[in-house]
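**Q** This structure is in structure tokens; I'll ask about it shortly.
The values are calculated or read from the model by the stated rules, or taken from the named source; none is laboratory data. These figures come from a predicted structure and were not determined experimentally. Quick reminder, even Gly has a Cβ in these numbers, built from the backbone with ideal geometry, and neighbours come from all protein chains shown. The protein model used for the area step is the full one, side chains on, heavy atoms only, and it has no ligands, DNA or RNA in it. Shrake-Rupley method; radii C 1.70, N 1.55, O 1.52, S 1.80 Å.
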Amino acid sequence: MENCESKKILPKLVYLLKRSIDEWIESNLCCSYHLTFNKSQLPLFMSIGTEGISNNKLAADLNISKQAASKVIKELEELNLVKSEKCSTDARSVTLLLTDEGVRFYRHIKNQIETLEKDYKKVVGTKNYEIAIEVMQKLNNYHEQQSKVALN
């Protein structure tokens with residue numbers, strides 16, 4: 001029988017939650033709507049949003065290399081979900097935008113995520129859910145800062 005202490009091991013909890021969310025993503029977001037979309041593309045796709053974003057900002061926001069972001073963007077362009085347009089004010093910069101199909105898919109994902117968030121709020125309460133999100137953001141910020149310190 002598992003003791004109470006082993007149920008609170010952070011890496012185990014993160015792993016189990018990630019696995020559950022990955023399964024939810026597969027069944028509710030990606031495969032059910034756009035058969036060729038890969039869940040690894042999801043963070044970049046959703047970060048582009050309906051307003052668009054530069055490749056440099058996208059990479060910085062997700063703490064990944066510009067090359068890694070460009071690889072996924074190319075895949076999303078091949079799926080006709082994203083298009084690139086040269087920036088009118090800086091010819092070196094490219095703005096990433098969702099195509100019409102991309103906007104429809106984005107809205108589908110957004111609706112499904114909002115439904116999941118409502119379910120989470122029912123399970124833990126709105127205040128606890130908002131605290132959990134804030135805590136996860138702070139933990140991510142901590143790790144990003146630690147990565148920057150390690151690089152210097």
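**Q** Do you know which residues across the range 76-89 are in a helix (DSSP H, G or I) and under 16 Å from the mean Cα position of the chain (by Cα)?
**A** 76
**Q** Is it the case that residue 103 is aliphatic (A, V, I, L, M), touching a strand residue (DSSP E or B) at 6+ places or on another chain (Cβ under 7 Å) and in contact (Cβ under 8 Å) with a residue 40 or more places away in the chain?
**A** no
**Q** Could you list all residues from the range 89-107 that are loosely packed, with under 13 Cβ neighbours inside 10 Å and at pLDDT 95 or above?
**A** If the condition is that a residue be loosely packed, with under 13 Cβ neighbours inside 10 Å and at pLDDT 95 or above, then 100 is the only one that fits.
**Q** Between 86, 127, 118, 122, which is more than 19 Å from residue 49 (Cβ to Cβ), touching a strand residue (DSSP E or B) at 6+ places or on another chain (Cβ under 8 Å) and either surrounded by 15 or more Cβ atoms within 10 Å (Cβ to Cβ) or not small (Gly, Ala, Ser) (or both)?
**A** Among 86, 127, 118, 122, only 86 is more than 19 Å from residue 49 (Cβ to Cβ), touching a strand residue (DSSP E or B) at 6+ places or on another chain (Cβ under 8 Å) and either surrounded by 15 or more Cβ atoms within 10 Å (Cβ to Cβ) or not small (Gly, Ala, Ser) (or both).
**Q** Here's another thing I want to ask about it. Please find, among 135, 149, 72, the residue that is β-branched (Val, Ile, Thr), within 21 Å of residue 25 (Cα to Cα) and not in a strand (DSSP E or B).
**A** Matching residue, one of 135, 149, 72: 72.
**Q** Taking only pairs six or more apart or across chains, which ones have beta-carbon atoms under 8 Å, a first residue in the range 121-148 that is over 23 Å from residue 63 (Cα atoms), and a second residue that is open to solvent by less than 90 Å² (accessible area, probe 1.4 Å) and acidic (Asp, Glu)?
**A** 129/117
**Q** How many of the residues making up the range 35-63 are open to solvent by less than 70 Å² (accessible area, probe 1.4 Å), modelled with pLDDT of 90 or more and assigned to a loop (DSSP other than H, G, I, E, B)?
**A** Qualifying residue count, the range 35-63: 2.
**Q** For residue 92, only one of the following conditions fails: (1) in contact (Cβ under 8 Å) with a residue 60 or more places away in the chain; (2) part of a loop (DSSP other than H, G, I, E, B); (3) not small (Gly, Ala, Ser). What is its number?
**A** (1)
**Q** For the list (1) farther than 17 Å from residue 58 by Cα; (2) surrounded by 10 or more Cβ atoms within 10 Å (Cβ to Cβ), I need the number of the one condition that residue 152 fails.
**A** So residue 152 meets the others, but not (2).
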